Amino acid sequence: MTEKGHSPVLPTQVLEFVGAGREGVYVDCTLGLAGHALAILERNPRSRLIGLDRDGRSLEIARERLKAHGKRVTLYHADFKCLPELEIPFKKVRGILVDLGISSFQLDSPERGFSHTHEGPLDMRMDLRSKTTAGKILHTYPEQKLADVFAKYGELAQTRRLAREIVHLRKLGRLESTSDLRILIERVYQWRPQKGRIHPAAKAFQALRIEVNQELEGLGAFIEDTVRLSAPGTRFVVISFHSLEDRIVKRAFHGLASPAEGAPLLAVLTKKPVMASDVEVAANSRARSAKLRAAERL
Ligand SMILES: C[S@@+](CC[C@H](N)C(=O)[O-])C[C@H]1O[C@@H](n2cnc3c(N)ncnc32)[C@H](O)[C@@H]1O
């Protein structure tokens, strides 16, 4: 997909829950190609936006797309977990958005190695400055650790067998590309395309990507720290695409809304996660597994 083909998920719900009509500063922790960010800036011409992404390439495209908004925009090439260390005017921040995972732009760039449908290197790093690639994990993790990654983050069955086959192939020096891995997975799971079934390689690639980028690491602590730093009235909107991710968000919100001790810091605005309509899913398949949770700082 071209960068033009990228559409942000749950666009109207994001604007509503982040409270984009209010004048102030909005922080987009996962800027991507700035789909949500542009909509936020357009909603109130006096608002400002701080955008972060750990992917330098996406950030450059976003910078170009946001150019017309000039000084209203400040961008950082950073992991959002570093937000508390950046110069964020938390008193003026009205809304904080976290749209987790990867973008269609990243998924559809063969040289990044995120997709089993493209031939590419076993890379999968969101931040090209980091050292751990999918290849490094596949070539260095012990068999059991590989099996655990696929079971935990990919929710796959028979992961011991998959890990054993990976170790066998790497010893032969024949595990170098996304296609090598996809073909191995198709063999292990005796894959035959069937309507409604998810390709096991999609699950295995997702698992590897989560491990490469340590996507779940520190997510709960990030939410807690940021909520504590924020001012009353600040809206938090988090969109997740994986059940473990959603569970972390749900627990963090719940812990802050109903603490064992002390006053609550958050009011949860979404009793159940908000999901995309059938119409949106038909137009943007990435929206299928999106779950949005929102809360407001008390
Ligand atoms: C789903 S996309 C966001 C799409 C964006 N909302 C839009 O409308 O274009 C997720 C983006 O977040 C970035 N990302 C994921 N985890 C991150 C992290 N921990 N810190 C900073 N950026 C992150 C990815 O590189 C990717 O560009």
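The values are calculated or read from the model by the stated rules, or taken from the named source; none is laboratory data. Bear in mind the structure is a predicted one, so any value in this text is a computation, not a measurement. Methodologically, a virtual Cβ is constructed for each residue, glycine included, from the backbone with ideal geometry; neighbour enumeration extends over all protein chains shown. Heads up: the accessible areas ignore ligands, DNA and RNA and are worked out on the full protein's heavy atoms, side chains in. Shrake-Rupley method; radii C 1.70, N 1.55, O 1.52, S 1.80 Å.
Restricting to region 221-252, count the residues that are over 14 Å from Leu97 (Cα atoms), away from the ligand (no atom under 16 Å from the Cβ) and either of a type in the set (A, V, I, L, M, F, W, C) or outside the structural domain of His36 (by TED's automatic domain parsing) (or both).
2
Would you say His77 is open to solvent by 50 Å² or more (accessible area, probe 1.4 Å) and touching a Gly at 6+ places or on another chain (Cβ under 7 Å)?
Yes, satisfied.
I'd like to verify a number: residues in region 5-25 that are open to solvent by 10 Å² or more (accessible area, probe 1.4 Å), within 12 Å of the ligand (Cβ to nearest atom) and not in a loop (DSSP other than H, G, I, E, B), how many?
Residues in region 5-25 being open to solvent by 10 Å² or more (accessible area, probe 1.4 Å), within 12 Å of the ligand (Cβ to nearest atom) and not in a loop (DSSP other than H, G, I, E, B): 3 in total.
Considering only region 155-199, how many residues are closer than 21 Å to Thr140 by Cα, over 27 Å from the mean Cα position of the chain (by Cα) and either modelled with pLDDT under 95 or among the acidic types (Asp, Glu) (or both)?
Residues that pass the stated criteria total 1.
Can you name the residue in region 113-154 that is of a type in the set (D, E, K, R) and in contact with a Leu (Cβ under 9 Å, 6 or more places away or on another chain) and is also most open to solvent (accessible area, probe 1.4 Å) among such residues?
Lys152
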